[in-house]
Structure formats: structure tokens, C-alpha cells
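The values are calculated or read from the model by the stated rules, or taken from the named source; none is laboratory data. Keep in mind the model is a prediction, meaning the values are calculated, not measured. Here the Cβ positions follow ideal geometry from the backbone for every residue, glycine too, while neighbour counts run over all protein chains shown. Each accessible area value is taken on the protein alone, full model and side chains, heavy atoms only, with ligands, DNA and RNA left out. Shrake-Rupley method; radii C 1.70, N 1.55, O 1.52, S 1.80 Å.
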Amino acid sequence: MAPSKVRKAVIPVAGMGTRFLPASKAIPKEMLTVVDRPTIQYIVEEVVASGIEEIILVTSAGKQAIENHFDYDFELDTILSRKNKKKLLEEVRHISELIDIVAVRQKKPLGLGHAIWTTRNVVGNEPFLVLLGDDLVLSTTPCCRQMLDLYEDVGEAIVAVQRVPMEETHQYGIVEGEQVRDGVLRVERMVEKPAPGTTDSDMAIIGRYLLMPEIFGLLEHTTPGHGGEIQLTDALQALAKKRGMYAYEFQGTRFDAGDKLGYLKAVVAYALRHPELKDAFRAYIKEVAEVV
Ligand code: G1P
């Protein structure tokens, strides 16, 4: 039997963004600009390019700017039309027409697992994607599309992974497993932010997951883990035991845009690919590198 179609994507954006203070004090970190659009727009565009039909945002107080960004802005539309700014008009309309978005509130900051759990009634009984707003993936085929293609084949939950230096494993959810084919592992154990020396694996989960609806029941019974929060990784470990799960080494470059250095790297990489800016920016980078 073909696996059920994946139609929905959950994007948790309720986090405080403490790693990005003071920039994230009054502006959601997801609204910080990478070249000419907020980071959240890249995530939404990845979802759209992967063929998903609906996005569920998990928000919290102070995150209204994200919903507004994807809304239709009648006043702006009218002004741009009157001034005959056709290209800009097309761009802002395009953003509001990208995809259907609904928002649910995470009422307490109890962790990523809890944020996902709040979407249970909106997602319902079907497989779905989760994308973390901090992780930008630059790739030829969108990272989620790559995962959906693998899903057609394996029909089980998938987490996207990349190898990280061993001294950084304590910053990630880490996957241990057996390689079943090039770039694909069958997950045996997962641990959220392992203490140094407690795992031999360097396979880190990055913020892309394809999950089965059973995860909601498992999250319901997940007790607080690392950092006193309800961890998605702990529920995933239970899901992996129950019905199998795969880890996928995606094709592309991932940027941690929720971290100051990772964000700067993302700005440079995306600017060097921007159709209108790349040539002038490349010349500028060379010039700066010579001076420094
Ligand atoms: C979250 C997950 C972690 C994952 C990481 C990827 O952690 O809990 O398993 O490796 O995202 O970015 P956070 O970065 O929110 O602490």
C-alpha cells in the first residue's frame, strides 16, 4: 500500500530567541532578514516548493509579525498599485498567496515536544512535516522534498541529519543507527544533547522531520527531559521503537540562523546566490578580504 500523502507542515515559532538577543527583544528572530526576506519566508518557500498544502505555525505572544508577513495587506497593496510599482506589488502579493497558514498558540514554554503536541487537533490523523525556523537549508532540491521522496519509498518517519564535529554533539539531538543504504540509516537510538563521551555517533538531527501522527500520543506521555523541557527527541525515540524510523543525510548546506555566527554565514551564502546582488556582493567580499 502506498504511504498516506503528506499535506501539512508544522513550523514552531514560539521560542524566545534568547541566543539572538538583543536583536530578538521586540522582533521575532524568525523575522530577521537574510538578504531581502525574513528567515521564516525561506522556510515557508521550502514547504511550498516541496508540494505541501497547509502550514501550521505554533506561535506565542509577540509573534504577530510573522502572521502579518504572510497576510494580504490591503493598504500596502493599494499604495503600490496607485504608484504603479508593479514589481514590488507582485512580490508582496506573492507572499500572501504562497500557502494556507493557520496558527495555534503554545500557551506555556514547555519545550519543542510540547509545541508540536499543541498542533494535534489541526494535524489530525495523517503524517506531517516539521521544520524548525532556525535551520535554513540551501539546496538544489528542497530538503523537505528530498525527505518526501524517501518517504514514498520507506513509508516511515524520517529525521534529517548531518555529521557534526564530535565536540559539538552535545548541542544536538543525536541519532545512532545502522546504515541501510547510502545516506540512509535505520534509527536505533536517539538522545537529546548527549553529555560528552556518551555517544560514538556524530549524526546530528537538523530541524526537518517527517512524522507519523502516533507521535502525538507519545508526546502526551513524554516527561520533561533535557533542560526540564518536553523534548521531541524523547518522543521520537519511542516512535522509532514502536514502528521504525529513518535518518537521512540530506543534500545541501544547513545554516543555524538562530545563532549569530550561523546567521552571518547564511547572509553571505544567500547573498552570493541572489540574482541581482551576487556579482556586486562577490566583488565587495573580495575587496574586504584583501583589506582585512
Ligand atoms: C532542536 C532539537 C535538537 C536538534 C536541533 C536542530 O534543539 O531539540 O534535537 O538537533 O533543534 O537545530 P534546539 O536547537 O532548539 O535547542
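Label separation (Lys86 vs Asp259): 4.5 nm, computed from points 7 Å beyond Cα along the C-beta direction. A Cβ-based charge dipole, computed about the Cα centre of the chain with Lys and Arg at +1 and Asp and Glu at -1, lands at about 580 debye. Over the stretch 134-292, the pair-distance histogram of Cα-Cα distances with 5 Å bins from zero comes to 2, 8, 15, 18, 18, 13, 10, 6, 5, 3, 1, 0 percent, rounded to whole numbers.
Distance between the 7 Å Cα→Cβ label points at Gln251 and Val288: 3.1 nm.
Surface calculation, 1.4 Å probe, protein heavy atoms: Asp71 sits at approximately 90 Å² accessible. Annotation note: GluC sites (Glu not before Pro) in the stretch 81-158 located in DSSP loop regions with a Cβ neighbour count of at most 12 within 10 Å are Glu97. Surface composition of the stretch 236-292: carbon and sulfur make up 57 percent of the accessible area, probe 1.4 Å.
Volume per residue of the convex hull around the Cα atoms, evaluated for the chain, comes out as 159 Å³.
On the principal axes of its alpha-carbon atoms, the stretch 70-132 has extents of 47, 25, 19 Å, going from largest to smallest.
Rolling a 1.4 Å probe over the protein heavy atoms gives the chain an accessible area of 52 Å² per residue.
For the residue pairs Lys8/Lys107; Lys83/Lys265; Lys8/Lys85; Lys5/Lys241; Lys29/Lys241; Lys85/Lys286, alpha carbon separations beyond 30 Å are given by Lys83/Lys265; Lys8/Lys85; Lys29/Lys241; Lys85/Lys286.
Counting 0.36 nm for each residue step from Ala238 to Asp77 and taking away their Cα separation leaves a gain of 53.1 nm. Computing Rg and the Kirkwood Rh from the Cα coordinates of the stretch 206-251 gives a ratio, Rg/Rh, of 0.98. In the calculated pair distance distribution of the stretch 7-136, what percentage of Cα-Cα distances lie above 18 Å? Everything past 18 Å amounts to 56 percent.
Applying the criteria of a DSSP loop state and at most 14 other Cβ atoms within 10 Å to the GluC sites (Glu not before Pro) of the stretch 183-292 yields Glu276.
Ordering Val6, Val102, Leu76 by Cα displacement along the dipole of the chain toward the positive end leaves Leu76 in first place; charges were set at the Cβ atoms of Lys, Arg (+1) and Asp, Glu (-1). The angle between the Cα long axis of helix 278-291 and the main principal axis of the chain comes to about 80°, on a 0 to 90 degree scale.
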